[in-house]
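First the structure, in the form of structure tokens, and then the observations on it.
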Amino acid sequence: MMRVKWSINDYHRMIAAGILHDRRAELLAGEIIEVSPEGPLHASRIRKIANYLRSLLNGLALISEAHPITLMDSEPEPDVAIVRLPESRYDDRHPQVEDIFWLIEISDSTLVKDLDTKQKTYAAAGINEYWVVDLNASRLTVFRQPQGKAYAVRQELSQGELSPVAFPEVVMSIEALFR
């Protein structure tokens, strides 16, 4: 049995036609994947992390919460996307690879998908940095240096400080991601 791979254009036509209007879904590597419902803890943590990043990156980047990004064969909705300014550049399109500084997924029930499927999708697209915030273990997994469908560097952190590749002058508290 062969699976049908959907293009970005196919996916956009389905959205425009209302085929997916009553479903939470995203396109990953040409496959339409249903997205889990969002619980209060997950939603709260997205807001808190996004606000923390806004305080650190004010005027340097746009912090986008749970909105689509467009990749070659995917249109995921990462929990937080740190993208280039100005915001008006996204009036008629979603952020694309060249716009993205890094992506963050917050995991309370989606850890396997975030560490596997999403990691491979983001690496294959050439996203320079990808973070997974594991709420259950209070652990941050940082992926850097995409090579094919994987990242050459993987770090697991639960405390201390970290600077994103795109903004080495910005020092972030790991613990602040879990408060």
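The values are calculated or read from the model by the stated rules, or taken from the named source; none is laboratory data. Bear in mind that the values here come from a model prediction, so they are computed numbers and not experimental data. For neighbour counting, all protein chains shown are included, and Cβ atoms are generated from backbone atoms with ideal geometry for every residue, glycine included. Heads up: the accessible areas ignore ligands, DNA and RNA and are worked out on the full protein's heavy atoms, side chains in. Shrake-Rupley method; radii C 1.70, N 1.55, O 1.52, S 1.80 Å.
Take the conditions at pLDDT below 95, of a type in the set (Asp, Glu) and within 22 Å of LEU41 (Cβ to Cβ) and apply them to ASP108. Does it pass? Give the derivation first.
Values: at pLDDT below 95: yes; of a type in the set (Asp, Glu): yes; within 22 Å of LEU41 (Cβ to Cβ): yes.
So ASP108 fits the description; yes.
Report, by residue number, each residue of the stretch 14-53 that is open to solvent by 60 Å² or more (accessible area, probe 1.4 Å) and hydrophobic (A, V, I, L, M, F, W, C).
ILE15, ALA16, ALA17, ILE19, LEU41
From the list ARG139, ARG144, pick out the single residue that is under 25 Å from ALA43 (Cβ atoms), modelled with pLDDT of 95 or more and basic (Lys, Arg). Explain how you work it out, then say what you get.
On the way: ARG144 fails: under 25 Å from ALA43 (Cβ atoms).
On inspection, the qualifying residue turns out to be ARG139.
Every residue in the stretch 17-43 that is β-branched (Val, Ile, Thr) and not in a loop (DSSP other than H, G, I, E, B), please. Step through it out loud before you land on a result.
Step one: list which residues in the stretch 17-43 are β-branched (Val, Ile, Thr), which gives 19, 32-33, 35.
Of everything in the stretch 17-43, those that are β-branched (Val, Ile, Thr) and not in a loop (DSSP other than H, G, I, E, B) turn out to be ILE32, ILE33.
Conditions first: (1) crowded, with 18+ Cβ neighbours inside 10 Å; (2) in contact (Cβ under 8 Å) with a residue 40 or more places away in the chain; (3) closer than 27 Å to ASP134 by Cβ. TYR11 passes all but one, so which condition is the exception?
Condition not satisfied by TYR11: (3).
Of all the residues that make up the stretch 120-151, how many are open to solvent by 40 Å² or more (accessible area, probe 1.4 Å) and within 13 Å of ILE100 (Cα to Cα)?
1
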